[in-house]
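Computed from the coordinates by the stated procedures, all read-outs in this text should not be read as laboratory data. For clarity, every value in this text was computed on a predicted model and none was experimentally measured. All Cβ positions, glycine included, derive from the backbone under ideal geometry; neighbour counts span all protein chains shown.
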Amino acid sequence: MNRTMTSVAALGLDVVGSAAAAEKVKLDYWYALSGDLGKVVQETCTRFNASQDQYEAVCVGQDSYDAAVQNTIAAFRAGQHPALVQSFDARTADVMLSGEFYPVQQMMKDFDIEIDWANFFPGIANYYAASTGELFSMPFNSSTPMYYYNVDQLAKAGITTTPDIWEHMEVAFNALKTSGSACPMAYAPSTWIDLEQVSMVHNVPVATNDNGYAGLDTKVEFNTTVHVKHMENIKRWLDEGLLQLRTTQSGIPARDAFLSGDCAIFFPSIADHATVGKLATEGFNWEVAMIPHYADFPRHNTVVGGASNWVLSGKTERNTVAPRPILRSLPPQPRKSSSCRTPATSRSPRLATTRCWPRVSTTRPPTRTAIWL
């Protein structure tokens with residue numbers, strides 16, 4: 001694979017180069033985040049461009065994770081791909097198997113850039129690493145699923161204890177329906193939550209070969225585990241009106257149905273926390289909790305979702321440009337805009353504790369639950 005000498009800009013990547021020519025070297029970066037998080041990425045790009053005069057980060061939003069990867073594949077085939085792309089967790093294997101990337105840990109080693117790799121949370125770093133532990137890409141934004149609930153609607157239904165197992169959640173569904181709720185839970189089908197995270201919480205495999213990490217001759221196993229029970233329950237809850245489909249395709253997304261008060265519960269990512277807090281009307285009383293497990297299984301941790309930044313191959317070296325640090329350490333220096341949203345390192349929760357939670361604790365539920373799963 002070819003080295004990408006003109007890539008790796010900001011966004012947590014600790015690299016830059018010195019150009020022999022006075023003209024700035026453009027660093028094309030395609031990112032997937034939109035909305036508030038997309039604005040944070042653009043702020044980071046602007047900050048990077050203002051910090052030096054050798055490189056110009058051209059950061060282009062692709063509006064979604066799928067679009068970012070699909071557009072990059074098409075551009076790569078045409079020789080017009082970016083130097084850096086944000087690819088989400090589910091496409092990690094695709095990028096790995098393509099071989100068209102410069103492993104970020106190897107790149108840092110090649111150019112004598114010191115990074116404290118042990119500073120990344122193992123559960124996050126391992127997702128983007130080879131079986132040897134070498135990081136192929138740089139973890140960027142990370143999140144985990146939570147469920148959000150309307151405190152007042154649950155109280156009206158007589159539910160005063162947050163359901164932590166599915167058996168109690170079903171009781172809450174029925175109580176909500178009995179109390180007059182037409183939509184106890186806004187259900188948006190998600191393999192990430194319904195399959196992957198349910199597997200992790202119950203410590204059961206989705207597939208053989210260490211869930212596919214140990215080899216390509218892998219077979220799925222979710223039709224033989226607790227997933228069968230969970231899928232049967234979801235179908236029954238839908239039939240009984242305890243769950244209502246709420247998706248963009250059905251006319252109203254689950255988050256909007258929750259914020260309008262139409263539905264009492266929904267299961268998104270903790271990444272929705274800031275948006276829900278911003279959009280919630282005054283007096284809207286909401287909370288977040290860890291996703292449930294079944295009573296006959298001990299609870300295990302969920303796993304991270306999110307994305308990482310990949311240095312792509314196929315870029316040529318320009319005037320012997322060599323990378324050198326633009327940031328003195330990872331993660332970047334404390335900034336509210338990024339650190340409150342991308343807890344990928346052991347330093348991030350401490351930073352979030354002092355900079356994020358005091359700022360929101362009087363008006364929003366704390367995100368500490370998600371950080372310390």
For this session: Round to the nearest 0.05 the FRET efficiency obtained for residue 260 and residue 294 when R0 = 30 Å and r is the Cβ-Cβ distance.
Result: 0.45
For this session: Straight distance only, please: which aspartates and glutamates reach the Cα of residue 229 with their own Cα at less than 13 Å, same-chain residues fewer than 8 apart left out?
Result: 167, 194, 296
Problem set entry | residue 24 versus residue 155: modelled label distance in nm, points set 7 Å from Cα along the beta carbon direction | 5.2 nm
Problem set entry | the range 146-290, dipole about Cα centre (Lys/Arg Cβ +1, Asp/Glu Cβ -1), debye to the nearest 20 | 240 debye
Exercise. Under 12 Å Cα-Cα from residue 219, which aspartates and glutamates qualify once same-chain neighbours fewer than 8 residues away are excluded?
Worked result: 210
Seminar exercise, completed: Sorted by chain and number, the residues with a modelled amide H under 5 Å from that of residue 165, at a separation of 5 or more or across chains, are 293
For this session: Would you kindly compute the Cα radius of gyration of the range 76-129 and its largest Cα-Cα separation (Dmax), both in Å?
Result: 12.9, 37
Problem set entry | Potential extension, residue 34-residue 168 segment - 0.36 nm per residue separation minus Cα distance | 44.7 nm
Problem set entry | Label-point separation, residue 191 to residue 275 (7 Å along Cα→Cβ), nm | 2.1 nm
Problem set entry | Charge dipole (the range 146-290, unit charges on Cβ, about Cα centre) - positive-most of 192, 180, 159 | 180
Seminar exercise, completed: Excluding residues fewer than 8 positions from residue 278 in its own chain, the lysines with Cα under 22 Å of it are 39, 336
For this session: Kindly state, to the nearest 0.05, the FRET efficiency for residue 213 paired with residue 282, given R0 = 45 Å and r defined as their beta-carbon distance.
Result: 0.45
